[in-house]
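Asks: One structure, as structure tokens, below. Some questions next.
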């Protein structure tokens, strides 16, 4: 089976592993080497305009379904792009590499964007909103429930990094209930299904994972349960981000990228059974959550609800000003973003074909 992870060119599993190692080394070495090895990490040379998408997520997750399908389904190619999906180490590095001009676009959390722009006036712009709710889940055991914010008090929660988005989401869960976020200590842990063993051993009360990883844990453990931060947090949306300079330098490339993403998401929304979506993805990729029929359908169905906000008639990707501003109010109230900013100047729908729909 093809195991195409990085770009629209076909890669064998051995080639993928070699190139993934090279990409990891490039990220560790910094933006200069990352830029230099962009072609070797999978550029297909198929004649389209080369664009590098910087992913703070590992590529082997259905959380990246829009980008993966845009490559595998030819949606980027239809708009004249040859897109490289380049993983980097977390959202802070994704922002740094975009600011350095290594790649023109990334997808990160609204929390990260607003914190960076409000605090240090970084020239980052939200050019499209993908998810209209939280795309992470807190996995816990029924023996030590985390069903509501009050349950988090005095409990240690596993997160992928100190001070990252997941940790801020946990803080918002408590702050929005009038609770002190410091009352829920954080522990850096791995994000694999196997980390649930730490929960069962009582070493942590729960940990923050992607939707598809949460679904795997639920399928493997009878005592596993999931808390959705989106039930209490408003600002945990996922947005595509570029710089002001990038928007001025090559707006057509960004428009084409977003058009490819929109077409991919629209295809998944229209594919009620998700049979065609899964078949197309499997022609190019292979990883645990995609290879399992039940997990793949569950995860994509849940993601589809987030992409549409529960209303498939509304235009995809368009940022709602009221929701965006409400997220900023939430962050400033919780002390997660500096107050006094003007959030309506931090997003721009002008690169979207459906912006006026």
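Asks: Mind telling me which of the residues 106, 131, 97 ends up being within 24 Å of residue 224 (Cβ to Cβ), touching a residue at least 40 places away in the same chain (Cβ under 8 Å) and either under 17 Å from the mean Cα position of the chain (by Cα) or not assigned by TED's automatic domain parsing to the domain that holds residue 227 (or both)?
Replies: 131
Asks: Give me the residue from region 260-275 that is part of a helix (DSSP H, G or I) and in contact with a helix residue (DSSP H, G or I) (Cβ under 8 Å, 6 or more places away or on another chain) and, out of that set, farthest from residue 74 (Cα to Cα).
Replies: 269
Asks: Quick one: count up the residues across region 68-80 that are in contact with a strand residue (DSSP E or B) (Cβ under 8 Å, 6 or more places away or on another chain) and either buried (at least 23 other Cβ atoms within 10 Å of the Cβ) or within 21 Å of residue 161 (Cβ to Cβ) (or both).
Replies: 4
Asks: Would you point out which residue out of 164, 206 is surrounded by 16 or more Cβ atoms within 10 Å (Cβ to Cβ), closer than 30 Å to residue 291 by Cβ and at pLDDT below 95?
Replies: 164
Asks: Okay, moving on. Filter region 153-192 down to the residues that are in contact with a helix residue (DSSP H, G or I) (Cβ under 8 Å, 6 or more places away or on another chain) and free of Cβ contacts under 8 Å to residues at least 40 places away in the same chain and list them by number.
Replies: 153, 154, 174, 179, 180, 183, 184, 186, 189, 191, 192
Asks: Okay, moving on. Which number in (1) surrounded by 24 or more Cβ atoms within 10 Å (Cβ to Cβ); (2) within 15 Å of the chain's Cα centre (by Cα); (3) within 25 Å of residue 340 (Cα to Cα) marks the one condition that residue 126 misses?
Replies: Result: residue 126 fails condition (1) only.
Asks: Can you pull out the helices (runs of 4 or more DSSP H) entirely within region 287-357 that have at least 3 residues that are over 20 Å from residue 233 (Cα atoms), in contact (Cβ under 8 Å) with a residue 24 or more places away in the chain and assigned by TED's automatic domain parsing to the domain that holds residue 126?
Replies: The qualifying helices (runs of 4 or more DSSP H) are 288-291, 293-308.
Asks: Quick one: which residue in 296, 267 is within 18 Å of residue 135 (Cα to Cα) and surrounded by 16 or more Cβ atoms within 10 Å (Cβ to Cβ)?
Replies: So the residue among 296, 267 that is within 18 Å of residue 135 (Cα to Cα) and surrounded by 16 or more Cβ atoms within 10 Å (Cβ to Cβ) is 296.
The values are calculated or read from the model by the stated rules, or taken from the named source; none is laboratory data. This structure is a prediction, so every number in the text was calculated from the model and none was measured. Note that each Cβ is placed from the backbone with ideal geometry, even for glycine, and that neighbours are counted across all protein chains shown.
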